[in-house]
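One structure is given below, encoded as structure tokens.
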Protein chains: 2
Amino acid sequence: MPDPMYRRIADDLRDKIESGALPNGSQLPTEIELRERYDASRNTVRDAMKWLITRGLVETRPGQGTFVVDKIVPFVTQLTGDPGTGRDDEGPVYVAEVEATRREPTSTEPRVEIQQAIGVVQSQLKLPDSSTVVSRHQQRYIDGTPWSLQTSFYPMSLVERGAIKLIQATNIDEGAVAYLGTRLGLRQVGYRDKVTVRAPDSNETAFFKLPDDGRVAVFEVQRVAFDDLVQPFRLTISVYPADRNQFAVSVGQVPDDVRGHR
Amino acid sequence: MPDPMYRRIADDLRDKIESGALPNGSQLPTEIELRERYDASRNTVRDAMKWLITRGLVETRPGQGTFVVDKIVPFVTQLTGDPGTGRDDEGPVYVAEVEATRREPTSTEPRVEIQQAIGVVQSQLKLPDSSTVVSRHQQRYIDGTPWSLQTSFYPMSLVERGAIKLIQATNIDEGAVAYLGTRLGLRQVGYRDKVTVRAPDSNETAFFKLPDDGRVAVFEVQRVAFDDLVQPFRLTISVYPADRNQFAVSVGQVPDDVRGHR
DNA sequence: GGGTATTTGTCCGTATGTATT
DNA sequence: AAATACATACGGACAAATACC
């Protein structure tokens, strides 16, 4: 009793891809040809295609055909750094070099909103009920391609204490942490990241130009920053497509290079 | 001209799920009922189901029906710690508390193999061609449920220098790093992790009991450990199901609790 | 620009198998 | 054993995207 036919077809094609008989970027036979070759119906062949698509092995282009996917060179993002620096300005991360070429990140001007603190925002920032927060949302690009969606949340009390730049819809050039340091004497002594993976929502699918069949997941990185009283004062949520990003964590003494190595 | 019908059906059901009209764990109408309700064919209804399944919103149980998935309480794994400790014994990580109850990890005795160093193993350990490595593979459980698959690679030269426990198929109780410290005077001064996400292979699908439609991805964490000459001496590759795991990174001074908070 | 052939996308109906209750 | 519900597979039709002449 073998597996279902669509699985046998998919396994056979997967073997051909992994053995190199179907090289990267090459075109698969059309669904009609595969239908004849495997003596199955076109719908069954298409079920096999869906299995391969889900695993990121092939992609279909309407009007053209089905192709073996090209390997993507991932962006590497360093999660660890100097906890006191403002280097991670609007964002929770700074970019490490990728494959020898240093790519330059750009980002849109922030969209600023005043919101009620609910859910993770409230719990991570340890705010009482009915608190308000400033939300600063940005779209970030590397070399012009969409790279991450990022939203930082600050307790409204920081603005009331004088950090008015937080509610201005312009980038804070010196970095938000550095600004809060000079403006309020607030010192970041550490932060904590949480990395999870989930399916993208429709906004993310559109911004990252992900296939809308949901096969590409997104990383969600939550960074909570703490001041010298070890109280949280900022929550940043960053979202990255999982198919072209990876994260590096360094502890102790390690060599410099953070190359791809794949 | 709206979206395809299967997307409209899927969107409508997704709205019902996210609004709470279809609560967690509840059963959806059967495909036949949905066929009548949306005036579509059963195959089209099933296309909508596949879309929802891919996004982890519902699950089907043959003979029973389709159900809204229950939220999973994730395991939290701390990636940062004392670089010099042997606390992370066979594995690259140690377990943080999850939801107040401290769960106990167990693992199988390691399966030990001698292999050629190729690919990432060779490049990360910076070994010349035709080097051999010791591979120690373990299955790890938390409270009896499969949690991670883990393989550590050590240059064969460590065994030749006297670290014979590495080629014994038993756990190294004091921790591999501590053992290498006392046996060879080898000191770990740091390590670097790389976190990626990919589709599971068939081994992983079987061990973690993942649905074989490939909708659940896996985390792959590569940890390279460095000695006091900042040379790599161990590579550990750990794989975790992405739907029930998350990773925490602490930098600087942060509070203790690493709770789920979701 | 227009027209045509090719290829994948969507949708239908039907039949049969398999798992669960 | 029977009923229910999802899984697999078939065949057909038309639409939409793309490439080429």
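Taken together, the values in this text are just the output of simple stated rules run on the coordinates, not laboratory data. Note that the coordinates shown come from a computational prediction; the quantities given were computed from them, not determined experimentally. Virtual Cβ from ideal backbone geometry, glycine too; neighbours counted across all protein chains shown.
Round to the nearest 0.05 the FRET efficiency obtained for A:Glu36 and B:Arg8 when R0 = 30 Å and r is the Cβ-Cβ distance. The partial results should precede the final answer.
On the way: r = 34 Å, r/R0 = 1.15.
E(calc), rounded to 0.05, equals 0.30.
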### Query
Given the protein assembly as shown reduced to its alpha-carbon atoms as identical point scatterers, what log10 I(q)/I(0) does the Debye formula return at q = 0.13 Å⁻¹?
-1.45
### Query
Give me the log10 of I(q) over I(0) for segment B:1-61 at q = 0.13, 0.18, 0.26, 0.28 Å⁻¹, as the Debye formula computes it from C-alpha points; what are the numbers?
-0.30, -0.58, -1.22, -1.38
### Query
Among A:Ile172, A:Ser202, A:Gly162, whose Cα lies farthest out toward the positive end of the dipole of segment A:152-262, if unit charges sit on the beta carbon of Lys, Arg (+1) and Asp, Glu (-1)?
A:Gly162
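Using 0.36 nm per residue of separation minus the Cα-Cα distance, give me the extension gain between B:Lys209 and B:Ala21 in nm, one decimal. Kindly include the intermediate steps, with their values, before the conclusion.
On the way: separation 188, 0.36 × 188 = 67.68 nm, distance 2.98 nm.
The span from B:Lys209 to B:Ala21 would gain 64.7 nm if fully extended.
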### Summary
Distances in nm between the label point of B:Thr132 (7 Å along Cα→Cβ) and its equivalents in the other copies, shortest first, are 7.1
### Query
Whose amide H sits under 5 Å from the amide H of B:Ser131, counting only residues 5 or more places off or on another chain, with H placed in the peptide plane?
B:Ala117
### Query
Given chain B reduced to its alpha-carbon atoms as identical point scatterers, what log10 I(q)/I(0) does the Debye formula return at q = 0.08, 0.16, 0.17 Å⁻¹?
-0.44, -1.16, -1.27
### Sequence-separation-based contact order of segment B:1-65, relative, with Cα cut under 8 Å and 6+ spacing, percent
40
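Would you mind calculating the relative contact order of segment A:107-262 from Cα pairs under 8 angstrom and at least 6 residues apart, reporting the percent as a whole number? Don't skip to the answer; put the middle values down first.
Details: 268 pairs, mean separation 32.9, N = 156.
About 21 percent, as a whole number.
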### Task
List the distances, in nm and shortest first, from the label point of B:Lys209 to the matching label points in every other copy, placing each point 7 Å from Cα along the Cα-to-Cβ direction.
4.2
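Determine the equivalent ellipsoid of segment A:113-214 by diagonalising the alpha-carbon gyration tensor, then write out the semi-axes as square roots of 5 times the eigenvalues, largest first, rounded to whole Å. Don't jump to the answer; show the numbers that get you there.
Working: eigenvalues 150, 64, 35 Å².
So the three semi-axes of segment A:113-214 are 27, 18, 13 Å.
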## Note on the structure
Distance in nm between A:Gln64 and A:Asn43 label points, each 7 Å along Cα→Cβ, equals 2.9
### Task
Would you please give the residues with an amide H less than 5 Å from that of A:Thr77, counting only those at least 5 places away or on a separate chain, with H modeled from the backbone geometry?
A:Gln246, A:Phe247, A:Ala248
### Task
Compute the label-point distances linking A:Gly185 to its equivalents in the other copies; points lie 7 Å from Cα along Cα→Cβ; give nm, one decimal, shortest first.
5.1
#### Entry: Under-5 Å amide H pairs with B:Asp228, H placed in peptide plane, nonlocal only
B:Arg187, B:Val189
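Rank the residues B:Asp12, A:Asp70 as a footprinting-exposure proxy: fewest other Cβ atoms within 10 Å of their Cβ go first. Let's see the in-between values first.
Values: B:Asp12 14, A:Asp70 9.
In order of increasing Cβ crowding within 10 Å: A:Asp70, B:Asp12.
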### Message
Between A:Ser123 and B:Thr182, what is the label-point separation in nm under the 7 Å Cα-to-beta-carbon projection?
### Response
4.2
### Summary
Rounded to the nearest 0.05, FRET efficiency between B:Glu113 and B:Asp173 (Cβ-Cβ, R0 22 Å) equals 0.55
